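Working notes, beginning with the structure itself.
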Amino acid sequence: GNSVTQMEGPVTLSEEAFLTINCTYTATGYPSLFWYVQYPGEGLQLLLKATKADDKGSNKGFEATYRKETTSFHLEKGSVQVSDSAVYFCALISNFGNEKLTFGTGTRLTIIP
Amino acid sequence: DTGVSQNPRHKITKRGQNVTFRCDPISEHNRLYWYRQTLGQGPEFLTYFQNEAQLEKSRLLSDRFSAERPKGSFSTLEIQRTEQGDSAMYLCASSPAGTSGGAHEQFFGPGTRLTVL
(Lines give C-alpha, C1' and ligand atoms only; values in the text may rest on other atoms or scores of the structure.)
Protein backbone atom coordinates (compact mmCIF):
# COMPACT_ATOMS: atom_id res chain seq x y z
CA GLY A 1 0.00 0.00 0.00
CA ASN A 2 0.89 3.66 -0.04
CA SER A 3 2.96 5.16 2.75
CA VAL A 4 4.86 8.34 3.60
CA THR A 5 7.86 8.55 5.88
CA GLN A 6 9.01 11.91 7.08
CA MET A 7 11.71 13.23 9.31
CA GLU A 8 10.86 12.90 12.95
CA GLY A 9 10.73 16.02 15.01
CA PRO A 10 10.64 18.18 16.80
CA VAL A 11 12.98 20.44 14.87
CA THR A 12 14.20 23.66 16.47
CA LEU A 13 16.07 26.26 14.44
CA SER A 14 17.17 29.83 14.85
CA GLU A 15 15.60 32.53 12.71
CA GLU A 16 17.19 32.81 9.23
CA ALA A 17 18.55 29.26 9.36
CA PHE A 18 18.22 26.86 6.42
CA LEU A 19 15.46 24.27 6.74
CA THR A 20 15.20 20.78 5.31
CA ILE A 21 12.47 18.34 6.28
CA ASN A 22 12.93 14.95 4.63
CA CYS A 23 10.06 13.01 3.10
CA THR A 24 10.14 9.71 1.23
CA TYR A 25 7.21 7.74 -0.08
CA THR A 26 6.08 4.33 -1.26
CA ALA A 27 3.27 4.22 -3.77
CA THR A 28 2.00 2.32 -6.76
CA GLY A 29 2.08 4.22 -10.00
CA TYR A 30 2.82 7.91 -10.12
CA PRO A 31 1.38 9.72 -7.12
CA SER A 32 0.88 13.43 -6.64
CA LEU A 33 2.83 14.81 -3.69
CA PHE A 34 1.92 17.50 -1.19
CA TRP A 35 3.17 19.40 1.81
CA TYR A 36 0.48 20.56 4.23
CA VAL A 37 1.09 22.89 7.17
CA GLN A 38 -0.82 23.21 10.43
CA TYR A 39 -0.24 26.46 12.30
CA PRO A 40 -1.08 26.56 16.02
CA GLY A 41 -4.84 26.57 16.52
CA GLU A 42 -5.59 26.36 12.80
CA GLY A 43 -6.66 23.71 10.29
CA LEU A 44 -4.45 21.99 7.74
CA GLN A 45 -3.49 24.17 4.78
CA LEU A 46 -1.88 23.15 1.53
CA LEU A 47 1.64 24.60 1.36
CA LEU A 48 2.76 23.26 -2.01
CA LYS A 49 2.30 20.35 -4.38
CA ALA A 50 3.87 18.55 -7.36
CA THR A 51 2.01 16.23 -9.67
CA LYS A 52 4.75 14.62 -11.75
CA ALA A 53 8.41 13.71 -11.61
CA ASP A 54 10.90 16.60 -11.55
CA ASP A 55 8.14 19.14 -10.82
CA LYS A 56 9.07 21.71 -8.19
CA GLY A 57 6.36 23.03 -5.92
CA SER A 58 6.94 26.37 -4.23
CA ASN A 59 5.09 28.76 -1.94
CA LYS A 60 5.99 31.30 0.76
CA GLY A 61 9.70 30.67 0.20
CA PHE A 62 9.34 26.92 0.65
CA GLU A 63 10.27 24.50 -2.14
CA ALA A 64 10.10 20.77 -2.76
CA THR A 65 11.09 18.78 -5.84
CA TYR A 66 9.40 15.51 -6.86
CA ARG A 67 12.28 13.02 -7.20
CA LYS A 68 10.99 9.76 -8.65
CA GLU A 69 14.40 8.07 -8.68
CA THR A 70 14.77 8.50 -4.92
CA THR A 71 11.01 8.53 -4.14
CA SER A 72 11.49 11.73 -2.20
CA PHE A 73 9.86 15.13 -1.77
CA HIS A 74 12.02 17.02 0.71
CA LEU A 75 10.84 20.41 1.95
CA GLU A 76 13.37 23.26 1.99
CA LYS A 77 13.47 26.92 2.89
CA GLY A 78 16.51 29.12 2.72
CA SER A 79 15.77 31.43 5.65
CA VAL A 80 13.10 30.53 8.17
CA GLN A 81 11.09 33.00 10.22
CA VAL A 82 9.41 32.72 13.60
CA SER A 83 6.07 32.69 11.77
CA ASP A 84 7.05 29.39 10.10
CA SER A 85 6.67 27.58 13.43
CA ALA A 86 4.06 24.91 12.73
CA VAL A 87 3.60 21.20 12.09
CA TYR A 88 4.42 20.11 8.53
CA PHE A 89 2.90 17.03 6.89
CA CYS A 90 4.07 15.33 3.74
CA ALA A 91 1.29 13.52 1.86
CA LEU A 92 0.46 11.76 -1.38
CA ILE A 93 -2.49 10.82 -3.53
CA SER A 94 -2.21 7.76 -5.74
CA ASN A 95 -3.34 8.26 -9.30
CA PHE A 96 -5.14 4.93 -9.43
CA GLY A 97 -8.57 6.43 -9.04
CA ASN A 98 -8.97 6.80 -5.30
CA GLU A 99 -8.71 10.29 -3.93
CA LYS A 100 -7.56 9.77 -0.39
CA LEU A 101 -4.54 11.58 0.99
CA THR A 102 -1.96 9.41 2.74
CA PHE A 103 -0.05 11.49 5.30
CA GLY A 104 3.23 11.18 7.11
CA THR A 105 3.33 11.55 10.87
CA GLY A 106 4.19 15.24 10.77
CA THR A 107 7.24 17.25 11.81
CA ARG A 108 6.89 19.96 14.44
CA LEU A 109 9.08 22.97 13.61
CA THR A 110 9.91 25.69 16.13
CA ILE A 111 11.84 28.79 15.12
CA ILE A 112 13.62 30.72 17.84
CA PRO A 113 14.16 34.48 17.40
CA ASP B 1 -16.29 32.86 5.81
CA THR B 2 -16.42 30.52 2.81
CA GLY B 3 -14.12 27.79 4.09
CA VAL B 4 -14.98 24.33 5.39
CA SER B 5 -16.76 24.48 8.73
CA GLN B 6 -17.19 21.76 11.33
CA ASN B 7 -19.40 21.56 14.38
CA PRO B 8 -18.98 21.14 17.20
CA ARG B 9 -15.33 22.08 17.62
CA HIS B 10 -15.05 20.05 20.80
CA LYS B 11 -17.09 17.16 22.14
CA ILE B 12 -16.65 15.36 25.44
CA THR B 13 -18.73 12.26 25.94
CA LYS B 14 -18.91 9.19 28.13
CA ARG B 15 -18.04 5.78 26.84
CA GLY B 16 -21.02 4.09 25.26
CA GLN B 17 -22.76 7.28 24.16
CA ASN B 18 -23.48 8.18 20.54
CA VAL B 19 -22.03 11.33 18.98
CA THR B 20 -22.65 13.10 15.67
CA PHE B 21 -20.42 15.62 13.93
CA ARG B 22 -21.33 17.91 11.08
CA CYS B 23 -19.25 19.20 8.19
CA ASP B 24 -20.22 21.98 5.79
CA PRO B 25 -17.93 21.95 2.75
CA ILE B 26 -17.12 24.83 0.44
CA SER B 27 -20.34 25.32 -1.49
CA GLU B 28 -19.17 24.49 -5.01
CA HIS B 29 -17.14 21.43 -3.97
CA ASN B 30 -18.76 18.11 -4.72
CA ARG B 31 -16.15 15.91 -3.03
CA LEU B 32 -16.11 15.59 0.74
CA TYR B 33 -13.68 13.60 2.88
CA TRP B 34 -13.45 12.55 6.51
CA TYR B 35 -10.13 11.88 8.22
CA ARG B 36 -9.14 11.04 11.80
CA GLN B 37 -6.02 12.38 13.48
CA THR B 38 -4.65 11.08 16.77
CA LEU B 39 -2.01 12.83 18.83
CA GLY B 40 1.40 12.82 17.17
CA GLN B 41 0.14 11.22 13.99
CA GLY B 42 -0.87 12.39 10.57
CA PRO B 43 -4.51 12.32 9.49
CA GLU B 44 -5.86 8.93 8.40
CA PHE B 45 -8.50 8.59 5.72
CA LEU B 46 -11.93 7.37 6.82
CA THR B 47 -14.31 7.86 3.90
CA TYR B 48 -15.22 10.11 1.00
CA PHE B 49 -18.25 11.24 -0.96
CA GLN B 50 -18.76 12.44 -4.48
CA ASN B 51 -21.98 14.41 -4.21
CA GLU B 52 -24.28 12.17 -2.12
CA ALA B 53 -22.56 8.90 -3.06
CA GLN B 54 -20.15 7.37 -0.55
CA LEU B 55 -17.42 6.02 -2.82
CA GLU B 56 -14.84 4.59 -0.45
CA LYS B 57 -14.63 3.55 3.19
CA SER B 58 -11.47 2.76 5.09
CA ARG B 59 -11.10 -0.40 7.14
CA LEU B 60 -10.68 2.03 10.06
CA LEU B 61 -14.39 2.77 9.76
CA SER B 62 -15.91 0.07 11.93
CA ASP B 63 -19.60 -0.78 12.01
CA ARG B 64 -20.05 1.75 14.80
CA PHE B 65 -19.20 4.56 12.38
CA SER B 66 -21.58 5.87 9.75
CA ALA B 67 -21.32 8.85 7.47
CA GLU B 68 -23.96 10.46 5.31
CA ARG B 69 -24.23 13.27 2.83
CA PRO B 70 -27.94 13.21 2.05
CA LYS B 71 -28.25 16.09 -0.40
CA GLY B 72 -24.71 16.29 -1.59
CA SER B 73 -24.05 19.33 0.59
CA PHE B 74 -23.26 18.96 4.30
CA SER B 75 -22.18 15.66 5.79
CA THR B 76 -22.56 14.00 9.18
CA LEU B 77 -20.33 11.45 10.86
CA GLU B 78 -21.94 9.42 13.63
CA ILE B 79 -20.13 7.21 16.09
CA GLN B 80 -22.29 4.80 18.06
CA ARG B 81 -21.33 3.29 21.40
CA THR B 82 -18.19 5.38 21.66
CA GLU B 83 -15.01 3.84 23.04
CA GLN B 84 -11.98 5.54 24.57
CA GLY B 85 -10.00 4.62 21.47
CA ASP B 86 -12.29 6.85 19.42
CA SER B 87 -10.78 9.92 21.08
CA ALA B 88 -9.18 11.90 18.25
CA MET B 89 -9.54 14.95 16.03
CA TYR B 90 -12.02 14.31 13.22
CA LEU B 91 -11.22 16.34 10.13
CA CYS B 92 -13.40 17.12 7.16
CA ALA B 93 -12.09 18.29 3.81
CA SER B 94 -13.64 19.18 0.46
CA SER B 95 -12.43 19.54 -3.09
CA PRO B 96 -13.85 20.25 -6.51
CA ALA B 97 -14.28 17.37 -8.93
CA GLY B 98 -11.56 16.94 -11.50
CA THR B 99 -9.15 14.52 -13.03
CA SER B 100 -7.77 11.75 -10.86
CA GLY B 101 -4.22 11.99 -9.67
CA GLY B 102 -4.68 14.43 -6.88
CA ALA B 103 -4.20 17.61 -8.87
CA HIS B 104 -6.92 19.29 -6.86
CA GLU B 105 -6.31 20.60 -3.38
CA GLN B 106 -8.33 19.32 -0.47
CA PHE B 107 -9.44 22.17 1.80
CA PHE B 108 -9.62 21.19 5.44
CA GLY B 109 -11.91 22.36 8.20
CA PRO B 110 -10.71 23.11 11.75
CA GLY B 111 -11.75 19.69 13.01
CA THR B 112 -13.87 18.34 15.83
CA ARG B 113 -11.91 17.14 18.83
CA LEU B 114 -13.62 14.16 20.49
CA THR B 115 -12.76 13.07 24.00
CA VAL B 116 -14.33 9.86 25.26
CA LEU B 117 -14.16 9.48 29.04
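The values are calculated or read from the model by the stated rules, or taken from the named source; none is laboratory data. Computed from a predicted model, the values in this text were never measured in an experiment. Reconstructed Cβ throughout: ideal geometry from the backbone, glycine too, with neighbour counts over all protein chains shown. Accessible surface is based on the protein model in full, side chains and every heavy atom, while ligands, DNA and RNA are left aside. Shrake-Rupley method; radii C 1.70, N 1.55, O 1.52, S 1.80 Å.
So what does A:Lys77 come to for accessible area, using a 1.4 Å probe and Å² rounded to 10?
Here the accessible area works out near 20 Å².
Using a Cα-Cα cut-off of under 20 Å, which lysines could be cross-linked to A:Lys52, ignoring same-chain neighbours fewer than 8 residues away?
Here the lysines satisfying the reach criterion relative to A:Lys52 are A:Lys68, A:Lys100.
Ignoring ligands, DNA and RNA and using a 1.4 Å probe, state the total buried accessible area between A and B in Å², rounded to the nearest 100. Provide the component values of the computation, followed by the final result.
Working: alone 6030 and 6750 Å², together 11070 Å².
Heavy-atom accessible area buried at this interface is about 1700 Å².
Tell me, what is the per residue accessible area of chain B in Å², probe radius 1.4 Å?
Working: 5890 Å² over 117 residues.
So chain B comes to 50 Å² accessible per residue, rounded to a whole number.
May I ask you to list the trypsin sites (Lys or Arg not before Pro) in the stretch B:46-113 that are in a DSSP loop and have at most 10 other Cβ atoms within 10 Å of their Cβ? The partial results should precede the final answer.
Details: sites: B:Lys57, B:Arg59, B:Arg64, B:Lys71, B:Arg81, B:Arg113; in loops: B:Arg59, B:Arg64, B:Lys71, B:Arg81.
Of the trypsin sites (Lys or Arg not before Pro), the ones in loops of the stretch B:46-113 whose Cβ has at most 10 other Cβ atoms within 10 Å are B:Arg59, B:Lys71.
If we count every other residue with Cβ under 9 angstrom of B:Leu77's Cβ, Lys/Arg +1 and Asp/Glu -1, where does the sum land?
Numbers: positive: B:Arg22; negative: B:Glu68, B:Glu78.
Every neighbour counted, the sum reads -1.
Could you tell me the accessible area of A:Leu13 in Å² (1.4 Å probe, neighbours in place), rounded to the nearest ten?
Roll a 1.4 Å probe over it and A:Leu13 shows about 40 Å².
Kindly work out what percent of the DSSP beta bridges joining two residues of the protein assembly as shown are antiparallel, to the nearest 5.
The antiparallel fraction comes to roughly 90 percent.
Specify the residue with the greatest mean-square fluctuation among B:Ser66, B:Ser94, B:Ser75, computed from a Gaussian network of chain B linking alpha-carbon atoms under 10 Å apart.
B:Ser66
Quick check on the protein assembly as shown: what does the Kirkwood estimate of hydrodynamic radius come out to from the alpha carbon pairs, in Å?
18.1 Å
What does the structure give for A:38-47 when I average, per residue, the other chain Cβ atoms found within 10 Å of the residue Cβ?
On the way: counts 5, 0, 0, 1, 3, 12, 12, 3, 4, 0.
Mean number of neighbouring Cβ atoms from other chains: 4.
Provide the net charge surrounding A:Lys49, with neighbours chosen by a C-beta distance below 10 Å and charges set as Lys +1, Arg +1, Asp -1, Glu -1.
Details: positive: none; negative: A:Asp55, B:Glu105.
So the environment of A:Lys49 carries a net charge of -2.
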